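The values are calculated or read from the model by the stated rules, or taken from the named source; none is laboratory data. None of these values were measured; they are calculated from a predicted model. Glycine gets a Cβ as well: all are built from the backbone with ideal geometry, and neighbour counts include every protein chain shown. All accessible areas refer to the heavy atoms of the entire protein, side chains included, with ligands and DNA or RNA removed. Shrake-Rupley method; radii C 1.70, N 1.55, O 1.52, S 1.80 Å.
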Amino acid sequence: MGNTCAVILAAGKGTRMKSKKPKVLAEILFKPMIHYVIDACKGADIDDICVITGFEAEAVESYLESIGNFKIARQLEQKGTGHAVMMAKDFLEKNSGKDVLVICGDTPFINSQTLKDAHKQHKDEGNAITVVTAKLDNPTGYGRIIRNSNGIEKIVEQKDGNEEELKVNEINAGTYWFDVDNLIEALGGLTTNNSQGEYYLTDTIDLTLKKGKKVGGFTAQNSDIILGANSRKDLHALSEKMRLDIIDKHFANGVEIVSAGSVLIAPDAKIGADTTILPNTIIKSGVTIGSGCVIGPNSVVEDSTIGDNVILNATQCYSSKIHSNVNIGPFAHIRPNTEIKSVVHLGAFVETKNSVIGEGTGASHLTYIGDSDVGKNVNFGCGCVTVNYDGVNKHRCVIGDGAFLGCNTNLIAPVTIGEDAYTAAGSTITNDIPAEALGIARARQENKPGFSAKKLAGRNKKV
Amino acid sequence: MGNTCAVILAAGKGTRMKSKKPKVLAEILFKPMIHYVIDACKGADIDDICVITGFEAEAVESYLESIGNFKIARQLEQKGTGHAVMMAKDFLEKNSGKDVLVICGDTPFINSQTLKDAHKQHKDEGNAITVVTAKLDNPTGYGRIIRNSNGIEKIVEQKDGNEEELKVNEINAGTYWFDVDNLIEALGGLTTNNSQGEYYLTDTIDLTLKKGKKVGGFTAQNSDIILGANSRKDLHALSEKMRLDIIDKHFANGVEIVSAGSVLIAPDAKIGADTTILPNTIIKSGVTIGSGCVIGPNSVVEDSTIGDNVILNATQCYSSKIHSNVNIGPFAHIRPNTEIKSVVHLGAFVETKNSVIGEGTGASHLTYIGDSDVGKNVNFGCGCVTVNYDGVNKHRCVIGDGAFLGCNTNLIAPVTIGEDAYTAAGSTITNDIPAEALGIARARQENKPGFSAKKLAGRNKKV
Amino acid sequence: MGNTCAVILAAGKGTRMKSKKPKVLAEILFKPMIHYVIDACKGADIDDICVITGFEAEAVESYLESIGNFKIARQLEQKGTGHAVMMAKDFLEKNSGKDVLVICGDTPFINSQTLKDAHKQHKDEGNAITVVTAKLDNPTGYGRIIRNSNGIEKIVEQKDGNEEELKVNEINAGTYWFDVDNLIEALGGLTTNNSQGEYYLTDTIDLTLKKGKKVGGFTAQNSDIILGANSRKDLHALSEKMRLDIIDKHFANGVEIVSAGSVLIAPDAKIGADTTILPNTIIKSGVTIGSGCVIGPNSVVEDSTIGDNVILNATQCYSSKIHSNVNIGPFAHIRPNTEIKSVVHLGAFVETKNSVIGEGTGASHLTYIGDSDVGKNVNFGCGCVTVNYDGVNKHRCVIGDGAFLGCNTNLIAPVTIGEDAYTAAGSTITNDIPAEALGIARARQENKPGFSAKKLAGRNKKV
């Protein structure tokens, strides 16, 4: 696929989406539609891409900047698909001698293989234009592909077709390979002599044929490639379709998904065989999960690596690494930059952040571990807090192997708890504790007899 | 719609529901079916409503009392629809000269427009009775509308119809407009000379025609108006239908709903464009949500107002007000009468109740804020508790702007923390702290060396 | 059903499941497929069961051991269904004179009635073999049942059938009743003279007919009995089917299930009428729930007994007993061996374990109650912890009726809090508190003026 480039049309508003966001940034499974199109291009080794922006151009451009290097051409007025491609004139001229893919930025089901195969046919047939087409059971509304023995004769829009033409079920997918130089020339010939007063990209076909050049049609195997979204309801339908496709892929890989109806898995997630995904689990992008895990119900995992045999029950986990044989939840919150070593148990109402938690350590309930380096086999009693913020700066706690923190211990960072050291329940620890020592900071208990009677007397008076 | 009134039939048991509750109180999206019927009446400016109660009459009447003013007539025996309307005799007599809508209390898809349009036709045609009808693809089981040039000739029940009659696909929706005085007269003529031994309301049609008066049929545009529920499974089907209708409405308004399969939104919820609803979110009645929010997954919101750009992640929020740019969750519980000002962050395992929380304030984890007036830019350390209940009375905490509460601070209400004041972690604060002061209440730490060895020795002995 | 026994085929790998687990252990609604088959056998009073194991035999055998007494025969090589049954030769010989059911271990929709009715027909007709059959709209791929006036003439596999035979829509369900002695004899006559080189169990039919014995066909009323799973996707489909069947059963019993799409209920769950199951609730095995409860959203209940009018909101509850009129959640975790008496309230972020919690007691938030005996009308302030583990042993707390525990109280077990006793907020209680006394263990508060200025100065220096 050397000598190729692409123009992606991303200027549209998508009025029916009723959104301040440009349509190509509408997300399907946590990824903007245009990103799927870009991935398909990259997968087909098309690296030089010019994106035509328009509605909310800054938002599109800023997103593009965050994911790679793209040329940008702005379409300030919406004057048709041909006009959009004209905006890329400089880009096209720099790519003279190559082939250019022209594709819409809101067709998330396009795939690399289709782009590659279409280009192969484009070269094999020596076409000036190759239109990607699809066959639909119900082609109503789409431009019909009228072929002759040389290839494509014309594309007929729904409103212009005669009875015979409208019976044709091969339609224009809106994706094209062009010989760049022919395209530049043909764009120059476009006019707005039509009912919409727009420049139609499809008019390049007639202009090209008139030059005696060849226009071919590549029929995609799967008509899903044409699917786009003009409304939130369409978007939901695309999202559900992709959701189920992805779930089928994981089924085929040996993943068990129980009642898949409410399970969302991002396209890039890797999940090992014999892992079970329980209902209502959301796996966002950047996630690798090993085998034998039980994820969910009601868990959210994003940008994290999870080992084998890990339980994440009703837990949210972000940008962290969890080793194998770890048991977390229900109701735990793993915040970014946590590393949890093997055989750790974090129970109900435990939060972690920016910490390393050593092998075999446990925090069963109501505990916060932040900005801490925790050794092996440490026991956090219920209600422990690593006090990492003093109102001005953040500091770290270091907790040695085998330490035992009594319930409701506060560790005021920076502080170091030695190996096998203890803290007494209810202590606020401000100073380091040596190995094997007990740190205690609490007042002695007094019992005041008869308190209840006085208290209730107080109540009676007040009532 | 002046000069109208309504009789709602709500006496039925709904045996197949297997419920102690009367059928009309069965809920669809958190609202009893009869409430939908009442809303449709009110929307058609029918304000004078008599409800016929019977099975579990007290429960129905008590619910009605909670939502408005209604006349009640009890039907002590179940002797047919005609008998039910007879119970409203006093009500009808007081409404002499008007038109009365007779409608079943378990048809939640009825709507005001249908009631208005049917009444208009009733007046325009000068009918004594106007039957609301619907056209069904499969009319089997329903009473067929047999028309002639004057209007409706008769209604034929399934078991009584001849082949020709049963082909008719226009059916009796069970909703009628009557001239009140004609109805009173016709009710007087009803008999129980039929196989069920009941008084049939539809027999009023024949009696009316025999008087030379006119009976018309108003065909509803949408046959959903006839949908009712005789079983829990029916109820679920109605609920799912309404759920999807509501979701479609929000799609059209620009709301993004990701995997809508498990999302429940009450009919009265208002949601701004570009707000995202994540899976398994329940929005109950009385909720307004701004735009740009992310609600869910697994959130429940009821009777609350939410501003713009608010995140409610795995959070339950009841009867509260949340301003804009607030970030809550995961796993937070906003109890009634909380007001959360802009740019507040409440993190994991935080609960609030009956408090005002000022702009820019944060409580990141494991904190309870109850009965408190919290200023701006306050920092709650992990594990803070506003101790609002002394076992006898509840008191308030007042926390000034910029205060910094150390972790595991207890504030024993009533207490005031001055502006920019600090509390030391682990302190139980019983007295006011002046502005900019530090309140500290904790014992000094001691370290006892060699504790671990003794402890383990103890273990060895015991084992 | 005296004089019967069963051979269950459970040696298969289920390659397309892509699992380390043997196929018959794949679960549907938290129960391995083979367990459904065993339950159907037991329900038909077939108590003497031999299971043929093979792939991951130890795993299957270990599971079987955990649920009852079974004979085991291992099939070391996979040489066909006939070969599998040959492995049970000893078992069959011990059951000489009886009838044996031969059935696959991965057909979870089989039911006792079908097995009983088939056996009755087997006896009534004096058959040597009775094949259980099903009628399918689309029989493609299944072995067709070719009948004659005497019963079954032969079973024709898809690839071997002529046009006429392939039109037959009665198919072999893979379940058979055999006269044991005839089976032993017929197994002896099986050969591997076929394209697969395997011993086919169905070849026993021809051998039996050749002996002049009778082979009959029992047609199951419901063709679901043949459903099995060869892939994760199949398994999901079976699971969804059973999920919906179970939900329908509960609908019929008067249970309200709101948006049932994400609700999982184990087959053995008992739920009272007028209980509402909210979305995304998982009810695992061993659960009994009373009437008038509200379970969910997002709750998990396993091996527990729940009384009437109990609320379990976003709560996970394991191996516990909850009496009536209890209100729990959102976000609570009831760990095993908790008994919660009537009118208890456990609020957000509360965990319990191995405790008895008396009538009328409340723990509203952020509390852990473990290894404790809690009386009636006890009030746990926010942040209370029963400190049950000292790093060596676990001990119990005893809390008398009417006790009031101040917020962030630590009770260091073993300890006894007397009736109506109080603890001061923030106290770590190490010694018993007598009835009606106040236990207090905390330092006196000091306020240090001007702290904020110094602190901020510190910040300025550091920045």
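So here's what we get for this one:
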| item | result |
| --- | --- |
| Check: the range B:13-123 dipole with +1 on Lys, Arg Cβ and -1 on Asp, Glu Cβ, in debye | 360 debye |
| Rounded D (µm²/s) - the range A:280-438, Kirkwood Rh over Cα pairs, Stokes-Einstein at 4 °C, 1.567 mPa s | 85 µm²/s |
| Exercise: per-residue mean of other protein chain Cβ atoms within 10 Å, B:21-32 | 1 |
| Spin-label pair C:Asp137/A:Val392, simplified geometry with 7 Å Cα→Cβ offset, distance in nm | 7.6 nm |
| Dipole of the protein assembly as shown, positive direction: furthest Cα of C:Thr208, B:Val294, C:Ser96, with charges on the beta-carbon | B:Val294 |
| Per-copy distances of the B:Gly189 label point, shortest first, in nm (7 angstrom along Cα→Cβ) | 8.2, 8.2 |
| Accessible surface of chain A [probe 1.4 Å, protein heavy atoms]: carbon and sulfur percent | 46 percent |
| Per residue accessible area in Å² of chain C, where ligands, DNA and RNA are left out and the probe is 1.4 Å | 38 Å² |
| Interface residues in the range A:308-350 - accessible area drops by 30 Å² or more relative to the isolated chain, probe 1.4 Å | A:Gln316, A:Pro330, A:Phe331, A:His333, A:Phe349 |
| Distance cut-off 11 Å, percentage of C-alpha pairs in the range C:381-422 lying past it | 63 percent |
| 0 to 90° range, to nearest 10: angle between helix B:180-189 axis and chain B longest Cα axis | 70 degrees |
| Where Rh is the Kirkwood radius over Cα pairs, Rg/Rh for chain A | 1.18 |
| Hull volume in cubic angstrom per residue (convex hull over the Cα atoms of the protein assembly as shown) | 242 Å³ |
| The range A:381-425: relative contact order as a whole-number percent, Cα under 8 Å and 6+ apart | 44 percent |
| DSSP beta bridge pairing in chain A, given as percent antiparallel to the nearest 5 | 20 percent |
| Modelled FRET efficiency - R0 45 Å, B:Ser324 with A:Thr288, Cβ distances, 0.05 increments | 0.80 |
| Label-to-label distance, nm, for residues given as B:Thr192 and B:Asp373 (7 Å Cα→Cβ offset) | 6.8 nm |
| Efficiency of FRET between B:Ala237 and A:Thr15 - r from beta-carbon atoms, R0 30 angstrom, step 0.05 | 0.30 |
| Between B and C, accessible area buried - total, square angstrom, nearest 100, 1.4 angstrom probe | 4300 Å² |
| Charge dipole of chain B about the Cα centre (unit charges at C-beta), most positive-ward option of B:Phe451, B:Ser223, B:Gly272 | B:Phe451 |
| Degrees between helix C:451-462 axis and first principal axis of chain C (Cα, 0 to 90, nearest 10) | 60 degrees |
| Largest-first principal axis extents, alpha carbons of the range C:364-463, Å | 54, 31, 24 |
| The range C:59-125 and the range C:396-457: distance between their alpha carbon centers, rounded to Å | 64 Å |
| Cα-based helix-to-principal-axis angle, B:57-67 vs chain B, degrees rounded to 10 | 60 degrees |
| For the protein assembly as shown, share of DSSP beta bridges that run antiparallel, in % to the nearest 5 | 20 percent |
| Test item: A:297-304 mean partner chain Cβ contacts at 10 Å | 4 |
| Chain B: calculated mean residue ellipticity at 222 nm from DSSP helix runs of at least 4, using -39500 (n - 2.57) | -6500 deg cm²/dmol |
| Label-point separation in nm, A:Asn169 to A:Asn3, each point 7 Å along Cα→Cβ | 3.7 nm |
| Cα principal axis extents for the range B:334-415, largest first, Å | 35, 25, 23 |
| Taking N as its residue count, the alpha carbon Rg of the range C:53-197 over 2.2 N^0.38 Å | 1.13 |
| Contact order normalised by residue count of the range A:258-393, Cα under 8 Å, 6+ apart, percent | 13 percent |
| At 7 Å out from Cα toward Cβ: B:Ser96 inter-copy label distances (nm, ascending) | 9.8, 9.8 |
| Segments C:101-108, B:341-348 sorted - mean Cβ within 10 Å per residue, highest first | C:101-108, B:341-348 |
| Normalised contact order of chain B, rounded percent, pairs of Cα under 8 Å and 6 or more residues apart | 8 percent |
| Across the identical copies, how the B:Asn169 labels are spaced - nm, sorted shortest first, 7 Å along Cα→Cβ | 2.6, 2.6 |
| Per-residue mean of C-beta atoms belonging to partner chains within 10 Å, peptide C:378-389 | 6 |
| Evaluated over the range B:143-195, the Cα radius of gyration and Dmax, each in Å | 13.0, 36 |
| Under 14 Å, Cα to Cα: Lys pairs in the range B:23-142, sequence gap 8 or more or different chains | 7 |
